1. Is it true that Glu89 is free of Cβ contacts under 8 Å to residues at least 40 places away in the same chain and farther than 22 Å from Leu17 by Cα?
2. Any residue in the range 1-28 that is closer than 17 Å to Pro78 by Cα and assigned to a helix (DSSP H, G or I) sitting within a Cβ distance under 6 Å of a residue that is among the basic types (Lys, Arg) and modelled with pLDDT under 85? List the pairs, counting only those 6 or more apart or interchain.
3. Go over the candidates Ala107, Ala99, Ala79 one by one and state the one that is among the small types (Gly, Ala, Ser) and without any contact (Cβ under 8 Å) to a residue 40 or more places away in the chain.
Amino acid sequence: VWLMGVVGLALWLIIRLTGLRRENINAGSGFQLPERFYGQLKTAAEKLHLKRLPKVILTKKVTCPAVFGVFRPVLLIPAGTFKYMSREETEHILLHELAHIKRGDLAVHAVYMVLQILYWFNPLLWLIRKTLQNLRELCCDATVARLLREDTVHYRQTLLVGIDPTA
């Protein structure tokens with residue numbers, strides 16, 4: 001029974017990651033980001049002292065910006081929402097997502113996923129999943145707020161309002 005659970009969860013994770021990786025490979029077909037976006041990406045990375053910029057992919061597979069990948073992180077941006085973002089919102093989103101990379105959140109999440117697959121029968125791991133995710137987000141927000149200082153109010157506004165493609 002344990003082995004069936006491990007295999008089932010591992011297959012589920014592999015299928016999800018393969019879908020995202022396939023999107024990574026197919027990047028470049030369809031949507032384009034303006035040059036200013038890459039300038040903002042570089043500026044945000046410098047503020048966080050990141051040495052390597054993540055690859056950026058516009059995709060319809062996500063509904064909000066996200067990063068994935070432990071060794072070569074990729075920044076996923078929902079296709080179609082970029083045109084609704086102001087420069088300030090773009091900066092806030094980039095700082096937030098790059099802060100996940102800087103803090104090592106992707107590696108911590110990978111370790112958690114391995115533990116959850118191996119110990120799938122332990123209800124505590126399932127119960128703390130959302131708490132750990134929320135804690136990562138709060139720590140990331142604190143990192144960005146520390147960088148922005150006086151502009152933290154606008155950052156909070158970006159988080160609260162979000163990006164609404166129907167607006």
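The values are calculated or read from the model by the stated rules, or taken from the named source; none is laboratory data. Every value quoted in this text rests on a predicted model; they were computed, and no experiment measured them. Note that each Cβ is placed from the backbone with ideal geometry, even for glycine, and that neighbours are counted across all protein chains shown.
1. no
2. Glu23/Lys61
3. Going through Ala107, Ala99, Ala79 in turn, the sole match is Ala107.
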